[in-house]
Amino acid sequence: MSKPVKIFLPVFLLFLIITAWSNISTAQELQLREICYLDYRTDFTSLLEKNKDSLFPSSSTIGAVHFYRGLSYLEQSMFLEAIKDFRIARTDSSVSRTFCNFYIGVAFMRLNESDSILKICSEALKIPVSQLKNPAFWQNAPITQDHIFSGYLIGTNEALNNLTDTNLIEACLNFGTKDRDFLEAYINFGVWNFQNGKFNKTIDLYKHALELKPAYDSTIILCMGYVYRLAGDPDQSMKAYILLKSKYPRFAEGYNNRGCLYAYIENDKKAISTLTVAIRKDPSLLDALCNRGLVYLKMKKYDQAFHDFSEAIQVDARFADAYYYRGFTRKAMGDITGSITDYSRAIELKK
């Protein structure tokens, strides 16, 4: 009986390794850790930059002081205090009532008070809330600053806190882009389209955002490179990352994403070298360490993969995915017991 057992065990282990390799390949294809800071913007700082003449009063009236203090309160997340100041400021004719209403709405959004946002928009536009909640209204609404701000506040708040009426969100966020200088409108509508898999629309919106604020272009270009890949255009994705490298040579996240792209187009050597640059520029960038480990794993360079995942764990002992992928590596190396230990730790951390 002993001889068949000795023959069976190596075959069984080979089967486990082959099965593991199949799973590893799938994981590499689907779970590379690309970085993209696509997120809804709720600070609206571009409005302060683009509308200084109309936003900032020339006088030093009490209303102006309340307005400025309201902005400071808002930046400090003192939302109730900000709302009180903006309500006082809007009674002063030297202060923009439109911007006071808008920032009251921003404060309510930070407080997650959806009904209050609708109420302040209703007051600003002098129309009932029921009309504001009708997507058809926004198809033909007057293009005024009050309407743009109101539509945008409602759309952003709904996207952040209440996803039940997607038609309303789409109509309101789209309406915000009627103001061609409203940076946050293009960013947030881009996020919405990204979340709904409309990658080409996202790219168009982010192109315009990039034109509006070149100083913000590191994040926008990074995200565009990622979205181009998702849209099935690796050439444009690569161009975005090359542009990012030329403008921001120390931006490690860009090298991480470009390394991922090389891996996706099956240029593993370039992937390794580019991810190595990312790690050198920012040793704490765990995504890059994890990605290089995955590429090594795909290349069956198990010692290097094991080293990268272990290094990531040393940087952050609670990095669940590093244990998960090191478990794959150990299994491929024949260390089944070690793989179970790593898988178990990953499960514990992911709970």
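The values are calculated or read from the model by the stated rules, or taken from the named source; none is laboratory data. Just so you know, these numbers come straight off a predicted model, no measurement behind them. In this analysis, Cβ positions are derived from the backbone assuming ideal geometry, glycine residues included, and neighbour counts consider all displayed protein chains. When the accessible area is computed, the model is the full protein with side chains, heavy atoms only, and any ligands, DNA or RNA have been set aside. Shrake-Rupley method; radii C 1.70, N 1.55, O 1.52, S 1.80 Å.
Judged by the mean number of other Cβ atoms found within 10 Å, the most tightly packed of the peptides 72-80, 59-67 leads the ranking 59-67, 72-80.
Note on the stretch 190-260: dipole from Cβ charges, positive end direction compared against Gly225, Tyr255, Gln195; the farthest Cα belongs to Tyr255. Sorting the segments 285-291, 246-252 by their mean number of nearby beta carbons within 10 angstrom, highest to lowest, gives 285-291, 246-252.
What part of the accessible area of the chain, given as a whole %, is carbon or sulfur when the probe is 1.4 angstrom? Using a 1.4 Å probe with all protein chains present, the chain comes out at 53 percent carbon and sulfur.
What does the C-alpha gyration tensor say about the overall shape of the stretch 295-351? Classify as rounded when a/c is under 1.5, otherwise prolate if a/b is larger than b/c, or oblate. Oblate, because a/c is 1.5 or more while a/b does not exceed b/c.
Here the simple spin-label model places points 7 Å from the Cα toward Cβ, and for Met299 and Glu81 these points are separated by 5.5 nm. Labels on offer are (i) 23.3; (ii) 19.9; (iii) 20.7, and the one holding Kirkwood radius over Cα pairs in Å computed from this structure is (i). Using a probe of 1.4 Å, the accessible surface attributed to Leu160 totals some 80 Å² when neighbouring protein chains are kept in position. Here each label is just a point 7 Å from Cα along the line to Cβ, and for Leu111 and Ser273 those points are 5.8 nm apart. Excluding ligands, DNA and RNA, the accessible surface per residue across the chain is 49 Å² with a 1.4 Å probe. Across the chain, the mean sequence separation of Cα contacts (distance under 8 Å, 6 or more residues apart), normalised by length, yields a relative contact order of 14 percent. Shape class of the stretch 238-351 from the Cα gyration tensor (axes a ≥ b ≥ c, square roots of the eigenvalues): prolate, since a/c reaches 1.5 or more and a/b is larger than b/c. Once you've got the Cα coordinates, tell me which of Lys126/Lys207; Lys298/Lys331; Lys301/Lys331; Lys239/Lys301; Lys84/Lys178; Lys247/Lys301 are over 23 Å apart. Going by Cα-Cα distance, Lys126/Lys207; Lys239/Lys301; Lys84/Lys178; Lys247/Lys301 fall outside the 23 Å limit. Of the GluC sites (Glu not before Pro) in the stretch 257-351, the ones in a loop by DSSP (not H, G, I, E or B) with at most 10 other beta carbons within 10 Å are Glu266. Nearest 10 degrees is fine. How inclined is helix 62-75 to the longest principal axis of the chain, computing both from alpha carbons? Compared with the principal axis, the helix lies near 10 degrees.
The aspartates and glutamates whose alpha-carbon is closer than 13 Å to the alpha-carbon of Lys213, local same-chain residues fewer than 8 away aside, are Glu49, Asp181, Glu184.
Applied to the stretch 243-250, the Karplus parametrisation 6.51 cos²θ - 1.76 cosθ + 1.60 on θ = phi - 60° returns per-residue 3J(HN,Hα) values of 4, 4, 5, 5, 8, 9, x, 9 Hz, with x for Gly and Pro.
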